[in-house]
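Novice: Take a look at this one; I'll ask things after.
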Amino acid sequence: MGANFTNWGRAPTTLRIRNVSPGCHGDTLRLMRVLVVSTWLPTLSHPATGLFVVKDARAIADLGHEVALIHLVPPHQLSGPSATALGAESPTIDGLPVNRIIMSTTNPRQIAAATTRLARWSLGADVVHTMAFSTLLPFALWRPYAPWVHTEHWSGLTAPHLLPTSWRLALPALKPLQTRPDVTTSVCDYLATPIRAVRGGDPTTVVPCIVERPDSLVPRPTASEEIAMVSIGGLIERKDPLIALDTVAELGRRGVRATLRFVGEGPLREAITTRADVLGLSDQVTVVGTLDRSGVLDELARADVFFGPTRGDNFFVSCAEAVLSGRPVVVGSTGGQGEYLDSRVGICVDEQSPTAYADAIERVLVQVDGMSAEDISSTIGDAFSAVEVAAAYDQAYDLAARQPRRGARLRAHRRAQRTADE
């Protein structure tokens, strides 16, 4: 596996103990080897895939844990022939060692091969932490000896009607995979609900996505006759960007001029441009494309309001980022965003119509009149910081280690180790 994975195929070492900084929860922190496994991680050809997984893993490592990554790489994420493409990838992601296994979620042979390799490499881990639903496939007939935590983000569990037909048909047979980890974490209660329905009494906790406050807040734009709106996310049907255009038109019918900038890419880009032309909004609507975090923060800084008419999200990271940047938000109500939005600065709209969204945009701007960017940002504060999220994962690891059913696996593991040593 490379120098940084030396001895990860052996039994776990005795856990080390050290004092922790004031930012950590509790008086001591057990330093552990954490093996993070995911189908969602970036590659050279897909640099933006799974960045939230990288953030979580980096935060866990920053607590002092020794973290290594295993990427179960979908073949379409490689930029050329498998062996050549794998060799061209970096041995680290954000400073964390990574090993890659080619695994298509529809290829039983590749899934079985991944199972064999994971079983060997996980022997040296104190915790195995899987992330994303498809990562559970090679764990279907095998489970690690170490405490096992799984983190779920997948919108398919909360909006199965939006899945491709093949996944929708397979989902009933795949859902029981959620029962296998010792502990499952989800990014919000909205997502935890269908998971708990499958897991029953087994622990399911909420650990939010990492969304840091900007280093400095840009004051809100001064009042003007025009409403500057920004929408951040994929240009896909679930995000419903076309209704955003209809909302701009509805505001215009009320005598309110609004501009809308889309930050993101997706299959509806051309449809957005066409609809804007039909509605006579070409000079008011701009598709910016994908931006890095600095570019996203610049877009939020110049906006009066964040507008995300989603038909369904789980955590909705860009919504949280907008609030933390000191901007009011109007979003669709289906998802977990209502769990953290303060009604003074954010409105969740139940009705997917231009009229309802236009009403909400006008109302939220009245509500935040007199509030500063700091006032708006403080409604979330540091709740989604890397320190808080990492501490929550650490608590999940402790919870997993206390689960009764681990006892039999640990005894079997020790027997296997004794046999190997003889």
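The values are calculated or read from the model by the stated rules, or taken from the named source; none is laboratory data. Note that this is a predicted model, so its numbers are computed, not measured. Quick reminder, even Gly has a Cβ in these numbers, built from the backbone with ideal geometry, and neighbours come from all protein chains shown.
Novice: Would region 196-203 turn up any residue that is touching a helix residue (DSSP H, G or I) at 6+ places or on another chain (Cβ under 6 Å) and in a loop (DSSP other than H, G, I, E, B)?
Specialist: Yes, region 196-203 contains at least one residue that is touching a helix residue (DSSP H, G or I) at 6+ places or on another chain (Cβ under 6 Å) and in a loop (DSSP other than H, G, I, E, B).
A quick yes/no check of all residues on (1) at pLDDT 95 or above; (2) assigned to a strand (DSSP E or B); (3) surrounded by fewer than 16 Cβ atoms within 10 Å (Cβ to Cβ):
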{"residue": "213", "(1), (2), (3)": "yes, no, no"}
{"residue": "219", "(1), (2), (3)": "yes, no, yes"}
{"residue": "250", "(1), (2), (3)": "yes, no, no"}
{"residue": "262", "(1), (2), (3)": "yes, yes, no"}
{"residue": "271", "(1), (2), (3)": "yes, no, yes"}
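Novice: In this structure, does residue 337 turn out to be in contact with an Asp or Glu (Cβ under 9 Å, 6 or more places away or on another chain), surrounded by 15 or more Cβ atoms within 10 Å (Cβ to Cβ), farther than 21 Å from residue 186 by Cα and polar (S, T, N, Q)?
Specialist: No, not satisfied.
Novice: To continue, here is another question. Given region 316-387, what helices (runs of 4 or more DSSP H) lie entirely inside it while holding 2 or more residues that are touching a helix residue (DSSP H, G or I) at 6+ places or on another chain (Cβ under 9 Å), more than 24 Å from residue 255 (Cβ to Cβ) and at pLDDT 95 or above?
Specialist: On the way: elements: 317-324, 354-367, 373-377.
Where helices (runs of 4 or more DSSP H) fall fully within region 316-387 and carry at least 2 residues being touching a helix residue (DSSP H, G or I) at 6+ places or on another chain (Cβ under 9 Å), more than 24 Å from residue 255 (Cβ to Cβ) and at pLDDT 95 or above, they are 317-324, 373-377.
Novice: List pairs: first in region 368-390 and under 16 Å from residue 301 (Cβ atoms), second small (Gly, Ala, Ser) and in a loop (DSSP other than H, G, I, E, B), Cβ under 6 Å, 6+ apart or cross-chain?
Specialist: Close Cβ pairs (under 6 Å, with a partner that is small (Gly, Ala, Ser) and in a loop (DSSP other than H, G, I, E, B)) amount to 373/326; 376/326; 377/326.
Novice: Sticking with this one: Is there a residue being touching a residue at least 24 places away in the same chain (Cβ under 8 Å), over 24 Å from the mean Cα position of the chain (by Cα) and either outside the structural domain of residue 185 (by TED's automatic domain parsing) or in a helix (DSSP H, G or I) (or both) anywhere in region 86-94?
Specialist: Among the residues of region 86-94, at least one is touching a residue at least 24 places away in the same chain (Cβ under 8 Å), over 24 Å from the mean Cα position of the chain (by Cα) and either outside the structural domain of residue 185 (by TED's automatic domain parsing) or in a helix (DSSP H, G or I) (or both), which makes the answer yes.
Novice: Looking only at region 233-242, which residues are touching a strand residue (DSSP E or B) at 6+ places or on another chain (Cβ under 9 Å) and either part of a helix (DSSP H, G or I) or of a type in the set (Asp, Glu) (or both)? Don't jump to the end; show me each part of the working.
Specialist: As a first pass, look at region 233-242 and keep what is touching a strand residue (DSSP E or B) at 6+ places or on another chain (Cβ under 9 Å): 233, 235, 239-241.
Residues satisfying the conditions are 239, 240, 241.
Novice: I'd like to verify a number: residues in region 221-230 that are among the small types (Gly, Ala, Ser) and part of a loop (DSSP other than H, G, I, E, B), how many? Give the steps one after another, and end with the answer.
Specialist: Keep residues of region 221-230 that are among the small types (Gly, Ala, Ser), which gives 223-224, 228.
Among the residues that remain, those that are also part of a loop (DSSP other than H, G, I, E, B) are: 223-224.
Of the residues in region 221-230, 2 are among the small types (Gly, Ala, Ser) and part of a loop (DSSP other than H, G, I, E, B).
Novice: I would also like to ask the following. So, of the residues in region 82-110 that are touching a strand residue (DSSP E or B) at 6+ places or on another chain (Cβ under 9 Å) and among the β-branched types (Val, Ile, Thr), which turns out to be nearest to residue 174 (Cα to Cα)?
Specialist: 105
Novice: State yes or no: is residue 288 part of a helix (DSSP H, G or I) and either at pLDDT 95 or above or under 22 Å from residue 48 (Cα atoms) (or both)? Don't jump to the end; show me each part of the working.
Specialist: Details: part of a helix (DSSP H, G or I): no; either at pLDDT 95 or above or under 22 Å from residue 48 (Cα atoms) (or both): yes.
Considered against the rule, which asks whether it is part of a helix (DSSP H, G or I) and either at pLDDT 95 or above or under 22 Å from residue 48 (Cα atoms) (or both), residue 288 comes out as no.
Novice: Is it fair to say residue 279 is closer than 20 Å to residue 356 by Cα and within 27 Å of the chain's Cα centre (by Cα)?
Specialist: Numbers: closer than 20 Å to residue 356 by Cα: yes; within 27 Å of the chain's Cα centre (by Cα): no.
When the stated conditions are applied, residue 279 does not pass them.
Novice: While we're on this one: So in region 73-88, with the set limited to residues that are surrounded by 21 or more Cβ atoms within 10 Å (Cβ to Cβ) and out of contact with any helix residue (DSSP H, G or I) (no Cβ under 6 Å at 6 or more places or on another chain), which one is modelled with the lowest pLDDT?
Specialist: Quick first cut of region 73-88, residues surrounded by 21 or more Cβ atoms within 10 Å (Cβ to Cβ) only: 73, 77-78.
Filter once more, so that each one left must be out of contact with any helix residue (DSSP H, G or I) (no Cβ under 6 Å at 6 or more places or on another chain): 73, 77.
On the way: 73: 95, 77: 89.
Of everything passing the filter in region 73-88, 77 is modelled with the lowest pLDDT.
Novice: Taking residue 137 as the residue in question, decide whether it is modelled with pLDDT of 95 or more, buried (at least 19 other Cβ atoms within 10 Å of the Cβ) and of a type in the set (A, V, I, L, M, F, W, C). Break it down into steps so the answer makes sense when it comes.
Specialist: Numbers: modelled with pLDDT of 95 or more: yes; buried (at least 19 other Cβ atoms within 10 Å of the Cβ): yes; of a type in the set (A, V, I, L, M, F, W, C): yes.
Answer is yes for this residue.
Novice: Out of all the residues in region 340-347, is one or more among the charged types (D, E, K, R) and either in contact with a Leu (Cβ under 7 Å, 6 or more places away or on another chain) or closer than 16 Å to residue 240 by Cβ (or both)? Even if it seems obvious, please write down each step before you answer.
Specialist: Let us first name the residues in region 340-347 that are among the charged types (D, E, K, R), namely 342, 344.
Imposing the further condition that a residue be either in contact with a Leu (Cβ under 7 Å, 6 or more places away or on another chain) or closer than 16 Å to residue 240 by Cβ (or both) reduces the set to none.
No, region 340-347 contains no residue that is among the charged types (D, E, K, R) and either in contact with a Leu (Cβ under 7 Å, 6 or more places away or on another chain) or closer than 16 Å to residue 240 by Cβ (or both).
Novice: Out of 71, 46, I need the residue that is part of a strand (DSSP E or B) and either among the polar types (S, T, N, Q) or in contact (Cβ under 8 Å) with a residue 24 or more places away in the chain (or both). Which one? Talk me through it step by step, then tell me what you get.
Specialist: Values: 46 fails: part of a strand (DSSP E or B).
Just a single option satisfies the conditions, and that option is 71.
Novice: Can you run down the residue pairs with Cβ atoms below 6 Å, 6 or more apart or on separate chains, where the first is in region 166-187 and within 17 Å of residue 129 (Cβ to Cβ) and the partner is surrounded by 15 or more Cβ atoms within 10 Å (Cβ to Cβ) and among the small types (Gly, Ala, Ser)?
Specialist: Pairs found: 182/400; 183/396; 183/400; 185/396; 186/192.
Novice: Kindly provide the set of residues from region 187-219 that are under 20 Å from residue 328 (Cα atoms) and hydroxyl-bearing (Ser, Thr, Tyr), ordered by number.
Specialist: 216
Novice: Answer yes or no as to whether residue 232 is within 24 Å of the chain's Cα centre (by Cα) and either surrounded by fewer than 18 Cβ atoms within 10 Å (Cβ to Cβ) or not assigned by TED's automatic domain parsing to the domain that holds residue 343 (or both).
Specialist: Criteria not met by residue 232.
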